[in-house]
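Working notes for the structure below.
The values are calculated or read from the model by the stated rules, or taken from the named source; none is laboratory data. This one's a predicted model, so the numbers in the text were calculated from it and none came from an experiment. Cβ atoms come from the backbone with ideal geometry, glycine included; neighbour counts cover every protein chain shown. To get the accessible areas, we keep the full protein, side chains included, count just its heavy atoms, and leave off ligands, DNA and RNA. Shrake-Rupley method; radii C 1.70, N 1.55, O 1.52, S 1.80 Å.
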Amino acid sequence: QVTLVESGGGVVQPGGSLRLSCAASGRTFGIYAMGWFRQAPGKAREFVAAISWSGGSIYYADSVKGRFTISRDNARSTVYLQMNSLKPEDTAVYYCAGRRTIVASTSTREYDYWGQGTQVTVSS
């Protein structure tokens, strides 16, 4: 069992930046690909970014490509999401997710562990 806890959310102006962190605890000795997903009110949870266990493979949703950057520090059992040039449509609860494999995935159905979420609000 692995527990994921997100932090770093908040309220920012359009064009601003935030960095989300996801800290893992529990059985973190396993190998996990990691991902970030988000869910806006009344909408389904959607893929944002994913990274393989080694960090060698990274994927982004088209809506965030060029603005968001995912990274990880396996020694610290932490994954990050740097969000720049934020837009109102980025407003959502952001979730960190872990997958029991070295291969990254863009699908919510292929992740085994989920954090509680952190709210990101982009508003003027």
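Part of a loop (DSSP other than H, G, I, E, B), small (Gly, Ala, Ser) and closer than 18 Å to SER57 by Cβ, is that true of ALA97? It would help to see each step written out before you state the result.
Values: part of a loop (DSSP other than H, G, I, E, B): no; small (Gly, Ala, Ser): yes; closer than 18 Å to SER57 by Cβ: yes.
The answer is no for ALA97.
Where in the range 1-67 are the strands (runs of 3 or more DSSP E), entirely inside, with at least 2 residues that are hydrophobic (A, V, I, L, M, F, W, C) and either open to solvent by less than 50 Å² (accessible area, probe 1.4 Å) or touching a strand residue (DSSP E or B) at 6+ places or on another chain (Cβ under 8 Å) (or both)? Break it down stepwise before answering.
On the way: elements: 2-7, 10-12, 18-26, 33-39, 46-51, 58-60.
It comes to 2-7, 10-12, 18-26, 33-39, 46-51.
Can you tell me which residue in the range 93-104 is nearest to PHE68 (Cα to Cα), limited to those that are buried (at least 22 other Cβ atoms within 10 Å of the Cβ) and out of contact with any Cys (no Cβ under 7 Å at 6 or more places or on another chain)?
Of the range 93-104, the ones buried (at least 22 other Cβ atoms within 10 Å of the Cβ) are 94-98, 104.
Narrowing further to those that are out of contact with any Cys (no Cβ under 7 Å at 6 or more places or on another chain): 94-95, 97-98, 104.
Values: TYR94: 13, TYR95: 15, ALA97: 17, GLY98: 19, ALA104: 17 Å.
Out of the qualifying residues, it is TYR94.
What's the number of the only condition in (1) assigned to a loop (DSSP other than H, G, I, E, B); (2) at negative phi; (3) small (Gly, Ala, Ser); (4) surrounded by fewer than 14 Cβ atoms within 10 Å (Cβ to Cβ) that ALA75 fails to meet?
Here ALA75 clears every test but (1).
Which of the residues spanning the range 105-124 are polar (S, T, N, Q), open to solvent by 70 Å² or more (accessible area, probe 1.4 Å) and under 17 Å from GLN39 (Cβ atoms)? Spell out the reasoning first.
Filtering the range 105-124 down to residues polar (S, T, N, Q) leaves 105-108, 116, 118-119, 121, 123-124.
With open to solvent by 70 Å² or more (accessible area, probe 1.4 Å) added as a condition, the list becomes 106, 116, 119, 124.
Answer for the range 105-124, where residues must be polar (S, T, N, Q), open to solvent by 70 Å² or more (accessible area, probe 1.4 Å) and under 17 Å from GLN39 (Cβ atoms): THR106, GLN116, GLN119.
Just one of the numbered conditions (1) at pLDDT 95 or above; (2) loosely packed, with under 14 Cβ neighbours inside 10 Å is not true of LEU86; which one?
(2)
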